[in-house]
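Remarks on the structure that follows.
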Amino acid sequence: MTVQRWLKRYREGGLSTLLELGKSPGRPKTIPPEVRSLIKKQLSVAEGFKSYQEVQTWLLASEGIKAFYKVVHEVVRYKLKAKLKVPRPRSIKQHKGIEEDFKKTSFLARVNKKLLNITVRTTS
C-alpha cells in the first residue's frame, strides 16, 4: 500500500480502517469443499474409486468439474488423506495352494512356531 492510499484510508475511516485485515481474493479452488466431502464419502464405500482417472471422470460426470490429474491426485491423496481401493496385482498363473504351503514351510513360519513353543513352555 502506498502512502497516498494509506492517508486516504485514514482520512475516510480513521485508525480502525487502517487496522482492519483485508483478505486477498485469490483463485477459487478447483474442487470446492462440498465436492471434496462427496469424494471422501465415495472413497469410504467398499467399491470406492480404483484410479485417480476414475475420480476425474466422476467429477466431470456428476459435478461438471473438469480437473487435471495432478489436482485430483493432490486433493485425494494429500488433502483428504485417502487411498484408492486397489488390490495388489496377482499373477494369473499363480496356484492358490502353493501360497498356503509356502506360509506353512517358510523359514519365518518355522521361527514363529518355535517362538510360540518357547513362550508356551515358559508360561506353563
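Values quoted throughout were computed directly from the atomic coordinates according to the rules given, and no laboratory measurement underlies them. Keep in mind that this is a model prediction, so the values were computed, not measured. So basically every Cβ, Gly included, is an ideal-geometry build from the backbone, and we count neighbours across all protein chains shown.
Tell me, what is the Rg over Rh of the chain, with Rh the Kirkwood radius over Cα pairs?
Ratio of gyration radius to Kirkwood radius: 1.39.
For the pairs Lys79/Lys104; Lys23/Lys66; Lys41/Lys96; Lys29/Lys50; Lys40/Lys104, flag any whose C-alpha to C-alpha distance is greater than 31 Å.
With Cα atoms farther than 31 Å apart: Lys79/Lys104; Lys41/Lys96; Lys40/Lys104.
Can you list the DSSP H helices in the chain whose Cα atoms extend at least 18 Å along the helix axis and whose mean Kyte-Doolittle hydropathy is -1.0 or higher?
Helices passing the filter in the chain: 107-123.
Calculate the radius of gyration of the Cα atoms of segment 8-77 to one decimal place, then report Dmax, the largest Cα-Cα distance, as a whole number, both in Å.
19.6, 62
Per-residue HN-Hα couplings for segment 61-74, Karplus 6.51 cos²θ - 1.76 cosθ + 1.60 at θ = phi - 60°, whole Hz, x for Gly and Pro?
Per-residue couplings from phi come out as 6, 8, 10, x, 9, 9, 10, 5, 4, 4, 5, 4, 4, 4 Hz.
Under the 0.36 nm per residue contour assumption, what length would be gained going from the current alpha-carbon distance of Ser44 and Leu18 to full extension?
Difference between extended and current length: 4.6 nm.
Please state the charge dipole magnitude for the chain, taken about the Cα centre, from unit charges on C-beta atoms (+1 on K and R, -1 on D and E), reported in debye and rounded to the nearest 20.
Dipole about the Cα centre, nearest 20: 440 debye.
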